[in-house]
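Have a look at the structure below before the remarks.
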Ligand code: SF4
Ligand code: MG
């Protein structure tokens, strides 16, 4: 195995009328082939911005990307656009939340799957069309040989999402980044799409980054988990570790606001009080301290002044000692 994607000290900043937005503020993670990393956080936590930077899809004029992004040892932050174009859709690909904006309405679904295949493999039109049919079949589109000539609007939402996955996977990418791939879909279709991603990963051994605001989505799909807040990673571990004994109060909040699909009684969700901080002027110290119920546990002032560091491996960027965090998590109000 070994590390396939390595992101070290990634900073993404862009200028707005109101000032510099620090969208990603020193993010590090690593991913091996055949594994799925879930990146979880509220909207605006920097998870989508970070993934666009990995693929080099950010607006280069307005966005400043610093740090190191290594794909199979190749540095991407300084790579030429022509290099990235050879990698995108080929060795690395992306699935977005909204298939309507990702697919062109003017072009048949089959062509949109065949085009990147032709571009990267030099296949003939005929071969590429065959490949498009095969991919549609693989992602579970019935009557693929007929539907290949449909336009996106002739597909249902779930089918469009499958078609977008077919387009992303047509060149067997070694890295797939899926950004909220199931958010717009109903629960049954969600589960089907996530199963599909897992099956395809088992066939090709690709590395997957699964970005979501929903811990329920990663619970059954991802191996490892990174929780992001205000452009930083605040907790990391295997999915099992983080879901069983989360150490960061923000992760506790995410868990508390997670709907329980298995429950037959609709339980009221508990949203995390307060709002994420402004990325124009992030608070000093721990970025979560304005919303956190536990600063007094570590002496009050410390959380507002001293920035907690995420240790390597399993852990959280929080001043609470892990043992104390375990107790507080077990005792917190609303624990089920
Ligand atoms: Fe809460 Fe302090 Fe931990 Fe931040 S460092 S999460 S404010 S206890
Ligand atoms: Mg997003």
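The values are calculated or read from the model by the stated rules, or taken from the named source; none is laboratory data. Note that the coordinates shown come from a computational prediction; the quantities given were computed from them, not determined experimentally. Backbone-built Cβ (ideal geometry, glycine too); neighbour counts: all protein chains shown.
Listing for the model above:
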{"item": "Within segment 124-140, considering residues that are part of a loop (DSSP other than H, G, I, E, B) and surrounded by fewer than 21 Cβ atoms within 10 Å (Cβ to Cβ), the one modelled with the highest pLDDT", "result": "124"}
{"item": "Residue count, segment 212-240 (criterion: more than 16 Å from ligand 2 (Cβ to nearest atom) and modelled with pLDDT under 90)", "result": "2"}
{"item": "Residues that are loosely packed, with under 15 Cβ neighbours inside 10 Å and more than 25 Å from residue 209 (Cβ to Cβ), drawn from segment 97-123", "result": "105, 106, 107, 122"}
{"item": "Matching helices (runs of 4 or more DSSP H) fully within segment 44-123 where at least 2 residues are at pLDDT below 95 and touching a strand residue (DSSP E or B) at 6+ places or on another chain (Cβ under 6 Å)", "result": "47-55"}
{"item": "Flag if residue 88 is within 19 Å of the chain's Cα centre (by Cα) and without any contact (Cβ under 8 Å) to a residue 40 or more places away in the chain", "result": "yes"}
{"item": "Residue within segment 36-44 that is surrounded by fewer than 21 Cβ atoms within 10 Å (Cβ to Cβ), more than 15 Å from residue 23 (Cα to Cα) and away from ligand 2 (no atom under 16 Å from the Cβ) present", "result": "no"}
{"item": "Any hit, segment 241-248, residues being crowded, with 24+ Cβ neighbours inside 10 Å, more than 16 Å from ligand 2 (Cβ to nearest atom) and touching a residue at least 60 places away in the same chain (Cβ under 8 Å)", "result": "yes"}
{"item": "Filter pass, residue 318 being more than 16 Å from ligand 2 (Cβ to nearest atom), over 23 Å from the mean Cα position of the chain (by Cα) and either under 20 Å from residue 247 (Cβ atoms) or surrounded by fewer than 14 Cβ atoms within 10 Å (Cβ to Cβ) (or both)", "result": "no"}
{"item": "Segment 316-331 - residue that is within 22 Å of residue 238 (Cβ to Cβ), in contact with a helix residue (DSSP H, G or I) (Cβ under 9 Å, 6 or more places away or on another chain) and in a loop (DSSP other than H, G, I, E, B) and, of those, farthest from ligand 1 (Cβ to nearest atom)", "result": "321"}
{"item": "Segment 280-301: number of residues that are outside any helix (DSSP H, G or I) and either farther than 24 Å from residue 18 by Cα or within 16 Å of ligand 2 (Cβ to nearest atom) (or both)", "result": "5"}
{"item": "Residue satisfying all of: in segment 302-314; assigned to a loop (DSSP other than H, G, I, E, B) and either out of contact with any helix residue (DSSP H, G or I) (no Cβ under 7 Å at 6 or more places or on another chain) or within 10 Å of ligand 1 (Cβ to nearest atom) (or both); farthest from residue 239 (Cα to Cα) among these", "result": "306"}
